[in-house]
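Novice: The structure's right below; bear with me while I get my questions together.
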Amino acid sequence: MDDGLINVEWLNVIIALGLVAVAIGLSYFQGFGIEKDLIVGVIRSVLQLAILGWLLVYVFNIQSIWLTVLILVAMGLIASFTAKGRMKRPYPGAIPVLWISITAGSFFSLAYITILSFSDPVALTPRYLIPLGGMAIGNVLNGITLASERFHRELKSQKDMIEVLLSLGADAYRAAAEPMRHAFTAALIPTINALMVIGLIQIPGVMVGLVMSNQDPQVAARYQLMIMFMLVGAKVISVTLGLRLSLKKYFTPEHQLRSELL
Amino acid sequence: MDVLFEFRSVSFSAPSRDKGGNSTRIIEDASFQIERGKFTVISGPSGAGKSTLLRLFNRLADPTSGDILLDGKNICEYPVMDLRRRMGWVPQVPVRFNGTVEDNLRLPFTISKAHKYSGAEIKSAIDELKGLKLLNDELYTRKADDLSVGEAQRLNLLRSIALKPGILLLDEPTSALDPETSDVLLTQIDRIQKERELTTIMVSHRPDEVKRVGEQVIRIKNGIVRTDGEIAGDLPNG
Ligand SMILES: Nc1ncnc2c1ncn2[C@@H]1O[C@H](COP(=O)(O)OP(=O)(O)OP(=O)(O)O)[C@@H](O)[C@H]1O
Ligand SMILES: [Mg+2]
């Protein structure tokens, strides 16, 4: 390969594993007790990434855009089940709400970035769509999990206030405005913080990859920015949609708080 | 008798928190009428279902079965937000919002999309509330969080009548007060009720209060409602 990237074989990986062995040894002798988790983590990461690497070889050869989209849809579905699993008290009908929100936000941003921003047919191949889509979905998953959890917690703790607002003639949306705002902020703060410090302390992942494969660091920076902006857009859309739709679950159409769900 | 509310075989079960779990029956087949302009007291022991019953009036919850009529019409036929604005509701545990006491009183005027108020309208409404002398003047600029529980209860009462409702729903508004203060507040409520000709429905478990202000008494025990015009009720534990 002429991109300057060093070829790595499994032997190279095994040598790197030496560091984890050191960690396991230290944990053992210090009595920290995380050896088991570390070993499980290592085994899982090796298996998952080996399978991913192997899968991507096939996926990148896919010519059909529809098959690619189907893979992304499936990823969105897995993400919505994961998000529901992370909720302490998921409301009934959470999966459709989560799936619609996660898919809408990540697909819109992915389409925007690849079609308008990259504006090159190559961006519509699996080699771009799958990793970018995966990043968007993963990011949105984190955002929507944070938002849902926080929304639920705020509704529960502000139950009395919400009912007073309803009693004064506020609609459900107005009555839950404060919990929604908290949930939205909680979900977006990590992203905003990431924007603030990006590049100050560490070089972000995509940029690392590009720079190590001998790409122009300035191009790499632009890539990174486009991806960051995609993640911001995806998250804002998904979280907003997710909150609006789940609001309809927590309240009856007659603007009554369904406190049995809290 | 000029009937304002009529409950017809109203039952209420709280939905289960768990999927497929059983709901809890709280109000059992209640039938009674509430007279317009009168002071009605709902009384009964703790856990009887008083608060639950009160929340049915302004549709914070709906009956599982049975009908509630307002002026002869099912309350579900009124737009729910308008219905609620016709009634002031004071929760059992006083609720304060961020900001000053005055901010709390301004809230009712700013939360409805359908009803807008000008700054002048809001100001004169708040001045009128202050004129009721329920709270000391210096309290209005204080943070609502700093109020004592008794003061917060009076703030809740003021906020609930800010929109000039014709109906007042009070859930033990004197529960956090010592006998003297609660006596003063009760007198004030009674005065407001008479002045504004409010139909007042107040939850209370204190026999002395029931006796003092109740023109009509609804007794409830284990979700079973009994009405009696007489203040000296027939349920001993009333
Ligand atoms: N959501 C709910 N799920 C199950 N049970 C409930 C629910 N809400 C209230 N209950 C039960 O219904 C009964 C009546 O409650 P309610 O709050 O109406 O009583 P109350 O008469 O106002 O009592 P108190 O004087 O103590 O305020 C209680 O036994 C309570 O535990
Ligand atoms: Mg009660």
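Novice: Aspartates and glutamates within cross-link reach of B:Lys211: Cα-Cα under 12 Å, excluding same-chain residues under 8 positions apart?
Specialist: List returned: B:Glu230.
Novice: Taking each residue in A:252-262, count the Cβ atoms of any other chain within 10 Å of its Cβ, then average. What number comes out?
Specialist: The shielding value for this peptide is 4.
Novice: Once amide H atoms are placed 1.01 Å from N in the peptide plane, what residues at a sequence separation of 5 or more from B:Ile220, or on another chain, have their amide H within under 5 Å of its amide H?
Specialist: Here the answer is B:Ser43, B:Gly44, B:Arg226, since their amide H atoms fall under 5 Å of that of B:Ile220.
Novice: OK, next. Determine the order of B:Val184, B:Val3 by accessible area, beginning with the largest, at a probe radius of 1.4 Å.
Specialist: Most to least solvent-accessible, the answer reads B:Val184, B:Val3.
Novice: Using the structure shown, list the pairs from B:Lys116/B:Lys194; B:Lys38/B:Lys143; B:Lys133/B:Lys221; B:Lys143/B:Lys164 with a Cα-Cα distance above 32 Å, or answer none.
Specialist: B:Lys38/B:Lys143; B:Lys133/B:Lys221
Novice: Related question: Using only atoms on other chains, find how many Cβ atoms lie within 10 Å of each Cβ of peptide A:39-52 and report the average.
Specialist: Per residue, the average neighbour count from other chains is 0.
Novice: With an 8 Å Cα cut-off and a minimum separation of 6 or more residues, compute the relative contact order for region B:133-237 in percent.
Specialist: 20 percent
Novice: Still on this structure: So which lysines can A:Lys36 reach, going by Cα to Cα under 28 Å and dropping same-chain residues fewer than 8 places off?
Specialist: A:Lys84, A:Lys88
Novice: Let me ask you something else. Please report the carbon-and-sulfur percent of the accessible area for region A:1-62; probe 1.4 Å, protein heavy atoms only, DNA, RNA and ligands left out.
Specialist: On region A:1-62, the fraction of accessible area on carbon and sulfur atoms equals 73 percent.
Novice: Same structure again: Take every Cα pair under 8 Å in region A:65-261 that's 6+ residues apart, average their separations, divide by the length, and report that relative contact order as a whole percent.
Specialist: After rounding, I find 32 percent.
Novice: Checking buried surface per residue: for region B:96-110, which residues lose a minimum of 30 Å² accessible area in the protein assembly relative to the chain alone (1.4 Å probe)?
Specialist: Hits at the 30 Å² cut-off: B:Phe97.
Novice: Might you work out the accessible area of A:Val13 for me, using a 1.4 Å probe with all protein chains in place, and round it to the nearest 10 Å²?
Specialist: Only protein atoms counted, so the area is about 70 Å².
Novice: Let me ask something additional. Accessible area per residue of chain A at 1.4 Å probe, in Å²?
Specialist: 56 Å²
Novice: Only Lys, Arg, Asp and Glu count, each charged at its Cβ (+1, +1, -1, -1), so figure out the dipole size of region A:65-261 about its Cα centre, rounded to 20 debye.
Specialist: Here region A:65-261 has a charge dipole of around 340 debye.
Novice: Can you list residues from other chains, or at least 5 along the same chain, whose modelled amide H is less than 5 Å from the amide H of B:Ile26?
Specialist: B:Phe12, B:Ser13, B:Ala14
Novice: Next question. Note the angle between two axes, namely the Cα long axis of helix B:179-195 and the longest principal axis of the Cα atoms of chain B, as a number of degrees from 0 to 90, rounded to the nearest 10.
Specialist: Helix B:179-195 and the main axis of chain B meet at about 90 degrees.
Novice: Counting only protein heavy atoms and rolling a 1.4 Å probe, how much accessible area do B and A lose on contact, total for both sides, in Å² to 100?
Specialist: 2200 Å²
Novice: Within region B:7-29, whose backbone N sits under 17 Å from a point 7 Å along Cα→Cβ of B:Arg86?
Specialist: B:7-8
Novice: Now for a different question. I need the calculated FRET efficiency for the pair A:Ile100 and A:Leu70, taking r as the beta carbon distance and R₀ as 22 Å, to the nearest 0.05.
Specialist: 0.85
Novice: In addition: Using each residue's phi in region B:91-101, evaluate 6.51 cos²θ - 1.76 cosθ + 1.60 at θ = phi - 60° and report the 3J(HN,Hα) Karplus result to the nearest Hz, with x for Gly and Pro.
Specialist: Running phi through 6.51 cos²θ - 1.76 cosθ + 1.60 with θ = phi - 60° gives x, 4, 9, x, 10, 10, 9, 3, x, 7, 4 Hz.
Novice: Is it possible to state the helix-based mean residue ellipticity at 222 nm for chain A, with each DSSP H run of 4+ residues giving -39500 (n - 2.57), the sum divided by total residues, to the nearest 500 deg cm²/dmol? What is it?
Specialist: -25500 deg cm²/dmol
Novice: Please list, ordered by chain and number, the residues whose modelled amide H lies under 5 Å from the amide H of B:Leu168; skip anything fewer than 5 residues away on the same chain.
Specialist: Here the answer is B:Gly88, B:Thr199, B:Thr200, B:Ile201, since their amide H atoms fall under 5 Å of that of B:Leu168.
The values are calculated or read from the model by the stated rules, or taken from the named source; none is laboratory data. The structure presented is a predicted model; accordingly, all values stated were derived computationally and were not measured. Cβ coordinates were reconstructed from backbone atoms using ideal geometry, including for glycine residues, and neighbour counts include every protein chain displayed. The area values use the complete protein model at the heavy-atom level, side chains included, leaving out ligands, DNA and RNA. Shrake-Rupley method; radii C 1.70, N 1.55, O 1.52, S 1.80 Å.
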